[in-house]
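Participant: Here you go, one structure.
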Amino acid sequence: MTTQRLFTGLAWFLIAAALVTLFLGRVLPAWMLNALTKALPAGLLVALAGNLFTQGKNAQDSIEKRSAFFLDASIKAYEQAKVLLADSNNDRAVWIEAARCLGHAKVLSDGVTLDAHQRILELNRLKYRSFFHQVLSSRPATFFYGVTESDSLDNAACASTAREEGNGRVITSTLKELAEPSMKAIWEAAQWPENYNDPMGENFSDSELNKLIVIYPELHRHLEHRRQWHSASGRLFPRS
């Protein structure tokens, strides 16, 4: 039970008690009614009920503000990770920073508690999943060694630790390969969650399919055809 429901329930209980106190005057002896009204004045009960209604509303407002804060912060963290990788770089430090942004986004998303806010977050995650999927799926294997284009993985691996010279200094061994935890963080951001509740819905029912024939005849033809035939490897096979 939420705090708001608890306060609201108690408030309605006090209002009911106030009404009982007022209307029992018709059936209770005068001495008993006098003692009851002194112990629990109806006005006091109503005042307490009003206070509980206010407290309940304040509690709900606090929950909404907290959920909205985590929603905004989580989306900003996802967006920052996207910005860092938008130029298709394979800089080890940048990927680590992006992975940390995604880690924060994941933790912050746990604070999004209201259903409407969770749906907004999931709507944003749809576009981020697509982006991070492209980051990983469109790159050659050599890319993840953090070097420019190379003709083989062996050469890319060697280049990722090759010596460099700059500003009068010689670095005998570098580390350019993308950190595996950073690659996993990007991969996780591209995945669908377990037990995903797809809002897309279901297929047409038989009764709905029959209704399509008048207004959407070509759609009806397509659906009827795909219910009869299954396509695989460029060939058609009867579903039966």
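Just so it is clear, none of the values below were taken in a lab; they were calculated from the coordinates. Everything quoted here is computed from the prediction, not taken from an experiment. FYI the Cβ positions are ideal-geometry reconstructions off the backbone, even for glycines, and counts take in every protein chain you see.
Participant: With θ taken as phi - 60° and the coefficients 6.51, -1.76 and 1.60, list the Karplus ³J(HN,Hα) couplings across the stretch 207-220 in order, rounded to whole Hz; mark glycine and proline as x.
Facilitator: 5, 5, 4, 5, 6, 6, 4, 7, 8, 10, x, 6, 5, 4
Participant: Along its principal axes, what span do the Cα atoms of the stretch 121-161 show, with the longest given first and each in whole Å?
Facilitator: 42, 16, 12
Participant: Moving on. Quickly rank 188-200, 123-135, 216-228, 101-113 as a protection proxy: mean count of other C-beta atoms within 10 Å, highest first. Intermediate results must be reported in sequence, preceding the final value.
Facilitator: Working: 188-200: 10.1, 123-135: 15.5, 216-228: 12.2, 101-113: 17.7.
The densest-packed peptide leads the list: 101-113, 123-135, 216-228, 188-200.
Participant: Quick query: amide H of residue 114 versus all other amide H atoms, modeled in the peptide plane; which residues come in under 5 Å with a sequence gap of 5 or more or a different chain?
Facilitator: Close amide H contacts, sequence-distant or interchain: none at all.
Participant: Taking H placed 1.01 Å from N in the peptide plane, check which residues at least 5 places from residue 229 or on another chain put their amide H under 5 Å from its amide H.
Facilitator: 239
Participant: Another question about this same structure. Apply the Karplus curve 6.51 cos²θ - 1.76 cosθ + 1.60, θ = phi - 60°, to the phi angles in the stretch 91-104 and return the couplings in whole Hz, x for Gly and Pro.
Facilitator: 3J(HN,Hα) across the stretch 91-104, in whole Hz: 7, 4, 5, 5, 5, 5, 5, 4, 5, 5, 4, 5, x, 5.
Participant: When a footprinting reagent is the concern and you count Cβ atoms within 10 Å, what order do 64, 177 take, fewest first?
Facilitator: Working: 64 14, 177 18.
Final ranking by Cβ density, sparse to dense: 64, 177.
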